[in-house]
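The values are calculated or read from the model by the stated rules, or taken from the named source; none is laboratory data. Because the structure is a prediction, the values reported are computed rather than measured. Quick reminder, even Gly has a Cβ in these numbers, built from the backbone with ideal geometry, and neighbours come from all protein chains shown.
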Amino acid sequence: MALLILAPLTTAALAVVIPRRGRGLAFVTAVVVGAAVTGLFRELRDHGVRIHQVGGWGAPLGIDLRVDGLALLMLCVTAGIGIAVALYATRYFASNLNLGQNRPQEPKDEATHRDYYFWPIFLFLWTALNALFLSADIFNLYVTLELLGFAAVTLVALAGGPAALSAALRYLTVSLSASLFYLLGVGLVFGQCGTVDLPSLAAQRESGPALWVALGLMTGGLITKAALFPMHFWLPPAHANAPAPVSALLSALVVKGPFYILLRLWFEAFPTLLTPAVTQGFGVLGAGAILWGSIQALRQQRLKLLVAYSTVAQLGYLFLLLPLCSNSGGGGMAWSGALMLLGAHACAKAAMFLAAGNILHVTGHDRIQGLDGFARSLPMSAFAFGLAGLSLVGLPPSGGFAGKWLLLNAALTQGQWWWVAILLIGGLLAAAYVARVLTHAFTHLDGEATVRHALPRIMEWTPLGLALLAVLLGFASDGAARLLEVGAPALAQAAKGRMEP
Amino acid sequence: MSVHGLVLLGILFSSFVTGVAIFFLKEENHRTRTWLNLLGAGLKLILVAALLWGTYRGQTYSLTLEFLPGIDFALGADSNSVLFVTLSTVLWFWTTLYAVGYLEHSPNRSRFFGFFSLCVTATTGIALSANLVTFLTFFELLTVSTYPLVVHRGTKDALGGGRIYLGYTLAGGALLLLAVAWLHSLAGPVAFKARGVIQSLAAGHRVELQVIFVLFMLGLGVKAAILPLHGWLPKAMVAPAPVSALLHAVAVVKAGAFGIVRVVYDVYGVETASELNVLQPLALAAGATIVYGSIRALFQDELKKRLAYSTVSQVSYIVLGVAILSPVASIGGLVHLVHQGLMKITLFFGAGNYAEALGIHKVSEMNGVGRRMPLTTSAFTIGALGMMGTPFLAGAVSKHYLKLGAEESGDTWAVWILTVSGLLNAAYFIPILWRAWFKPPSDPHPAPGSAKRTEPPWALVVPPVVTALMVIWAGLFAEQPFSPLAWVKLVAQREFGH
């Protein structure tokens, strides 16, 4: 378990010292982390929740690392996306590519620089994510969240250029102040309860105004970082201006970190405080995100901004977990549904951003109006974009469908009609903005087709592979649901959502 | 997984693998692509023949995979599936041949045939689905794989038509999803079963089941082009002729109609559905669509549009047959599923040939075309006569059973609708035939060419001739074993238990 943190941390440090070996080190990390996650999966399946006491000290004094179904899912998703992005990045940063803005060829050493910087920060980001998912107390969660934020901001700035830098700066400001809010909340909780350990907090069953203030502060910080509507304003510029592999990492993984903490906080530490007002409130914000994000996506003129707004919308679905999981009946369905959506979205969105990166590279711009006939020059990327779109829309058999199906069933079982409507409308809006891009793939161009660009193969195959994964993920949903039951919070277990045939 | 399950998988994969392989072919690999296409289509034919024979002898086929929590991805072959899968496989074979000839020199053929194969995979998947979620999966796959075919030309018109198509069908898909999920939350996983599976719920959840039924009909009705939901069909006419043929006779419209058959017979069950009072409104909607489509068809000068409205009208025959509570009427409806497919595909092949060989797109340009393209026009004529309900052709058989059934159940209004529609069919087809055979060619035709015979290449002529012959066979030998009618009677026996 500790290996999951130590391996990327060590290689990150090494990559700082010997930047030329960044790629090789990332490869080593991928192998080690992949093996560790697989091992953990076996352990979890056979023995249930695993706890590792760092240094043998144990909870209130030392640091506990803990893995349950949820954490393992997040680790798996991180490993999968991390490996895919690393593959893509080997060529993306190596070949001299236009990044973000429509700039002509740049000097060779600048690209090399970028290559040198990317790998250590990427590995560092991976460390932060793994540590975050393994943490079992709210202070450690804070530390990892902060690390994650810094790594993410630096990666955005990597693109260079005024737009990327200003987006990065904005991201930094937002990220720092959100972390401060969260830290303040942690302080208050510690003052009130005398502990920051998740299980001990749950055992105390405290309540009172101070605790509510603390929870409010923490939640405010977290939803800002998770870019939940209406705190999403920083996300589109940051995600759209970053280099393609970075955009993929940010949208697929980084924003899920704070969401994960939010789940731990509400469902594990303070489940008694999850009143209907709170959960419905989260649901309303989520619904707002779905509608607003989708409508904004429909109005964007640039491809990467469209994809970024789609992230805002898709994050909204995750928050429907709260109203649907806190009621009687079908809680388990909502729990696994939303988390499946999370995994499917990670694959699909990473595929989409990588495909958009290819399009940007070949056409030299990403204005949607000017994309006519791009399927001719980039058939595989167009395919990847379309398949990823299937999952975002929620068409079967994609992972997106499996997730939505479960949420839909939970909502229907509980008679919460309004969420049913939101789920269906959200799907149609997603179809509209995906189709808006794909229409250009089929536009007929007079004369000869644009020359098929010699893009490195791995850059075409990676997004396609991820998109295929997202589409086929539905078939793994039964297994995923079983995995998520391991150590799931009481509310999600209450009504054993799994219907037996 | 037994050998019998593998047959089902083979039927799906024979076109799926073909499609995927074709995507990776270079545009110039004409020969390889054609062979792959025909190989896939041929293999599928053989497998379906095996399935047909096996089912006839009482062998059951089924295959399940783990899918959603608590729900399997299930394939199976009951007599309904076999009917539809045979139809789509046979017609796919001829359409593939036709498409190879039709698109000889146009760009993006690999993309076209790739999606073409996926489209057929989805259709056979719909036929072989054994439960609602599997059905939904293939239903949506069909929507998605057909879109690239509709917009294939990439012109402004095509893209516009595609957008409308996608809007309608995805909205329909969302309603269908809602219906499936809602029913699931009431009844658990719903597997298709002759005479329905929800009888036990009918008492306790009357209103809910009625609403769900309406949602089902709205969701499926978009594809089946029932009256207020038919708007996409004429617009989708911008697609190349083989696609139109496939859309109207085999894939999309048929999938909608087949879905309605499934929901009424194998989910609700006819008895439960009529007990819930939901069949009468469906029958009325179908009746209205029949008349409306025929009237609109009268006023279309564009040949393909006229055929499109004719489809709107004809597909509702199937729905009408299903919705009228009588075994005889359902025989008529189900057999029309096959018969309409045979006739309509012939007509669309013909329309495509006129456009391809002479550049004729409008009815008013068709003067004397019979003399120049006698084989095509003969096939077209047989299709048109069949549609009108001329004796000894396929259409007459379905109409005969529909009318008998309507009388049996006391729905005399339906008999009138069928009669009126028959007259209207004649009114919009006879002028075409008259122009084609008896008027002198009003040269110059839009396209250059001598006034002599100008049949297009054999790949375009053979398919309509073959399907026209099938129209005659299905009509003349309707009462023989191994005709569509004989099989449909078998189905009806299971559904009504007489």
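What the table shows:
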quantity: Tally, over segment B:240-262, of residues that are assigned to a loop (DSSP other than H, G, I, E, B) and surrounded by 24 or more Cβ atoms within 10 Å (Cβ to Cβ); calculated: 2
quantity: Wholly within segment A:144-245, helices (runs of 4 or more DSSP H) carrying at least 2 residues that are hydroxyl-bearing (Ser, Thr, Tyr) and at pLDDT 90 or above; calculated: A:162-193, A:209-225
quantity: Considering residues of segment A:39-94 that are β-branched (Val, Ile, Thr) and assigned to a loop (DSSP other than H, G, I, E, B) only, the residue nearest to A:Ala338 (Cα to Cα); calculated: A:Val49
quantity: Restricting segment B:132-150 to residues that are facing chain A (nearest Cβ under 7 Å) and in contact (Cβ under 8 Å) with a residue 40 or more places away in the chain, the residue that is surrounded by the fewest Cβ atoms within 10 Å (Cβ to Cβ); calculated: B:Thr137
quantity: Looking only at segment A:448-495, and only at residues there that are within 11 Å of chain B (Cβ to nearest Cβ) and modelled with pLDDT under 85, the one that is surrounded by the fewest Cβ atoms within 10 Å (Cβ to Cβ); calculated: A:Glu448
quantity: Pairs with Cβ under 7 Å, 6+ apart, first in segment A:14-42 and on the phi > 0 side of the Ramachandran plot, second part of a helix (DSSP H, G or I); calculated: none
quantity: Filtered residues of segment B:161-209 (kept if aromatic (Phe, Trp, Tyr) and either free of Cβ contacts under 8 Å to residues at least 24 places away in the same chain or facing chain A (nearest Cβ under 9 Å) (or both)); calculated: B:Trp182
quantity: Segment A:167-206, residues that are among the small types (Gly, Ala, Ser), in contact (Cβ under 8 Å) with a residue 60 or more places away in the chain and out of contact with any helix residue (DSSP H, G or I) (no Cβ under 6 Å at 6 or more places or on another chain); calculated: A:Ser200
quantity: Number of the condition not met by A:Ala388 [criteria: (1) more than 8 Å from chain B (Cβ to nearest Cβ); (2) modelled with pLDDT under 95; (3) crowded, with 24+ Cβ neighbours inside 10 Å]; calculated: (2)
quantity: Members of segment B:432-475 that are under 21 Å from B:Val397 (Cβ atoms) and either modelled with pLDDT under 90 or in contact with a Pro (Cβ under 7 Å, 6 or more places away or on another chain) (or both); calculated: B:Ala474
quantity: Single condition B:Gly19 does not satisfy, out of (1) surrounded by fewer than 24 Cβ atoms within 10 Å (Cβ to Cβ); (2) within 14 Å of another protein chain (Cβ to nearest Cβ); (3) in contact with a strand residue (DSSP E or B) (Cβ under 6 Å, 6 or more places away or on another chain); calculated: (3)
quantity: Which listed residue, of B:Thr390, B:Thr381, B:Thr377, is buried (at least 23 other Cβ atoms within 10 Å of the Cβ) and polar (S, T, N, Q); calculated: B:Thr377
quantity: Pairs with Cβ under 6 Å, 6+ apart, first in segment A:404-419 and under 13 Å from B:Pro69 (Cα atoms) and facing chain B (nearest Cβ under 10 Å), second surrounded by fewer than 24 Cβ atoms within 10 Å (Cβ to Cβ) and among the polar types (S, T, N, Q); calculated: A:Asn409/B:Ser185
quantity: Residue that is surrounded by the fewest Cβ atoms within 10 Å (Cβ to Cβ) [pool: residues in segment B:66-84 that are under 28 Å from A:Gly399 (Cα atoms) and away from chain A (no Cβ under 14 Å)]; calculated: B:Gly76
quantity: Residue among B:Gly173, B:Gly161 that alone is farther than 14 Å from B:Phe139 by Cα and either among the acidic types (Asp, Glu) or outside any loop (DSSP other than H, G, I, E, B) (or both); calculated: B:Gly161
quantity: The lone exception for A:Ala346 - which of (1) surrounded by fewer than 24 Cβ atoms within 10 Å (Cβ to Cβ); (2) farther than 24 Å from B:Lys156 by Cα it fails; calculated: (1)
quantity: Near pairs, Cβ below 9 angstrom, 6+ apart or cross-chain, from segment B:411-436 (without any contact (Cβ under 8 Å) to a residue 40 or more places away in the chain) to any residue that is charged (D, E, K, R); calculated: B:Val415/B:Lys403; B:Val415/B:Glu407; B:Thr419/B:Lys403; B:Gly422/B:Lys399
quantity: Number of the condition not met by B:Gly10 [criteria: (1) touching a residue at least 40 places away in the same chain (Cβ under 8 Å); (2) within 27 Å of A:Gly474 (Cα to Cα)]; calculated: (1)
quantity: Any hit, segment B:420-431, residues being at pLDDT below 90 and crowded, with 19+ Cβ neighbours inside 10 Å; calculated: no
quantity: Yes/no for B:Arg153 being more than 8 Å from chain A (Cβ to nearest Cβ) and among the charged types (D, E, K, R); calculated: no
quantity: Enumeration of residues in segment B:37-66 that are within 30 Å of A:Ala476 (Cα to Cα) and modelled with pLDDT under 85; calculated: B:Thr60, B:Glu66
quantity: Unique match (being assigned to a helix (DSSP H, G or I) and closer than 30 Å to B:Asn108 by Cβ) among B:Tyr309, B:Tyr292, B:Tyr265; calculated: B:Tyr309
